[in-house]
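Undergrad: Below you'll find the structure I mean.
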Amino acid sequence: MTIMIARSLLKGLVGATLLLGATLSAHAADTLAAVKAAGTLKVGTETAFAPFDFIDAGEHAGLNVDLFAEIGKELGVKIEWVALPWDGVFPALEAGKFDVVAGPATITKKRMERYRFTPPIAEATIAILKKAGDTTISKPDDIAGKTIGVGKATSQLDQLKEFSATLPSKVDVREYPAFTESYADLAAGRIAGVANSLPNIAFVAKQREGTFEVVLPPFGKKSYFGFIGLKDTDHAPLMDAIDAALLKIKADGRMAELQKKWFGATFETPDAVKDPAF
């Protein structure tokens, strides 16, 4: 009798375990349904990357805020923002702290191996920001031997190092946890410039006219910004839905309106990037 009871209990436990495993697997495989059931899409980002994400008078503002509001409308969900330093964004995405990353991030070959990108939302080609009136830097090559700030763990850092290797004297690369800190050091004269994507530094120069200037032309390879999600079958339905929403927002002109609002210009972007320049 005791053996029969034990076997019965064992069968019950095995059955419950299998049922629980199947339930969890089904839930994981239906991320889009889970997001819609919760009525909330959790979006991770840093809030020190103007004009995409920044704090303005205590409020979270930027292109990403407006664009995800439109994505939320298309998906029928609210947007919940999770802010953290950029170097912690990708680990937090993989740990399931949120559903997608706003960022945005430059679409690169290396990143595409591990993550899935949405259709591009803006150009990301890198350029130099300098202090207004600095006559020692009139073209990108003039940063040779100078101290240039750049964001830590960014594609801009990789591109700056690559460009530095082509110059007669290497750039003294100074990494910052957030670009806002590099702009402060540039204004104070502690560094000679900041390397960041053209839309970002154009916005900063416009906001602080008389303090900063953009050095043209950009020195990096043509590149684009996109939002980031996990590259697996579990998250594919959610990413498919976000992609469809973005392409609709692009097609009906809403994306161009938001680009004009935040950059003062619009960008020609492909519907997808399959072979990044770097």
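The values are calculated or read from the model by the stated rules, or taken from the named source; none is laboratory data. As the structure is a prediction and not an experimental result, all values here were calculated from the model. Counting neighbours? That spans all protein chains shown, and the Cβs are built from the backbone with ideal geometry, glycine included. Remember, those area values only see protein heavy atoms, side chains included, never the ligands or the DNA or RNA. Shrake-Rupley method; radii C 1.70, N 1.55, O 1.52, S 1.80 Å.
Undergrad: Note down the accessible area of Trp262, probe 1.4 Å, to the nearest 10 Å².
TA: 40
Undergrad: Can I ask one more? Among Lys130, Lys146, Lys221, what's the order by accessible area (1.4 angstrom probe), most exposed first?
TA: Largest to smallest exposure gives the sequence Lys221, Lys146, Lys130.
Undergrad: Turning to a different aspect of this structure: Say we join alpha carbon atoms closer than 10 Å with springs in a Gaussian network model of the chain; which of Thr118, Thr180, Thr166 then has the biggest fluctuation?
TA: Highest fluctuation among the options: Thr166.
Undergrad: Can you compute 3J(HN,Hα) from phi for each residue in segment 246-252, using the Karplus curve 6.51 cos²θ - 1.76 cosθ + 1.60 with θ = phi - 60°, rounded to whole Hz and x for Gly and Pro?
TA: The phi angles translate into 5, 5, 5, 5, 5, 5, 8 Hz.
Undergrad: List the pairs from Lys109/Lys248; Lys36/Lys260; Lys42/Lys248; Lys131/Lys248 whose alpha-carbon separation is above 28 Å, in the order I gave them.
TA: In this structure, Lys36/Lys260; Lys131/Lys248 exceed 28 Å between Cα atoms.
Undergrad: Sorting Ser169, Ser182 by accessible area (1.4 Å probe), largest first, what list results?
TA: Result, largest first: Ser169, Ser182.
Undergrad: Now, a different point. Write down the accessible area per residue of the chain in Å², having rolled a 1.4 Å probe over the full set of protein chains.
TA: Solvent-accessible surface per residue comes out at 49 Å².
Undergrad: What are the ³J(HN,Hα) couplings of segment 266-275, residue after residue, when phi is run through the Karplus curve with 6.51, -1.76, 1.60 and θ = phi - 60°? Round to Hz, x for glycine and proline.
TA: Calculated HN-Hα couplings, in order: 10, 10, 7, 10, x, 6, 7, 10, 9, 9 Hz.
Undergrad: At a Cα cut-off below 16 Å, give the lysines reachable from Lys261, other chains included and same-chain residues fewer than 8 away excluded.
TA: Those lysines meeting the cut-off are Lys206, Lys250.
Undergrad: Thr147's amide H: which non-local residues (gap 5+, or another chain) put their own amide H closer than 5 Å, with H modeled 1.01 Å from N in plane and none for Pro or chain starts?
TA: Asp172, Ala192
Undergrad: Okay, moving on. Run the accessible area of the chain with a 1.4 Å probe and give the carbon-and-sulfur part as a rounded percent.
TA: C and S fraction of accessible area: 57 percent.
Undergrad: Separate question: Can you give the local net charge around Ala61? Use residues other than it whose beta-carbon is closer than 14 angstrom to its beta-carbon, Lys and Arg +1, Asp and Glu -1.
TA: -4
Undergrad: A further question on this structure: Which value, in nm² and rounded to one decimal, describes the direction-averaged projected area of the C-alpha convex hull of the chain?
TA: Seen from a random direction, the Cα hull of the chain projects 18.4 nm² on average.
Undergrad: Using the Kirkwood formula over every pair of different C-alpha atoms, what hydrodynamic radius in Å results for segment 126-219?
TA: 12.7
Undergrad: For the chain, what is the calculated [θ] at 222 nm in deg cm²/dmol (nearest 500), taking -39500 (n - 2.57) for each run of four or more DSSP H residues and dividing by its residue count?
TA: Only helices count here, giving -13000 deg cm²/dmol.
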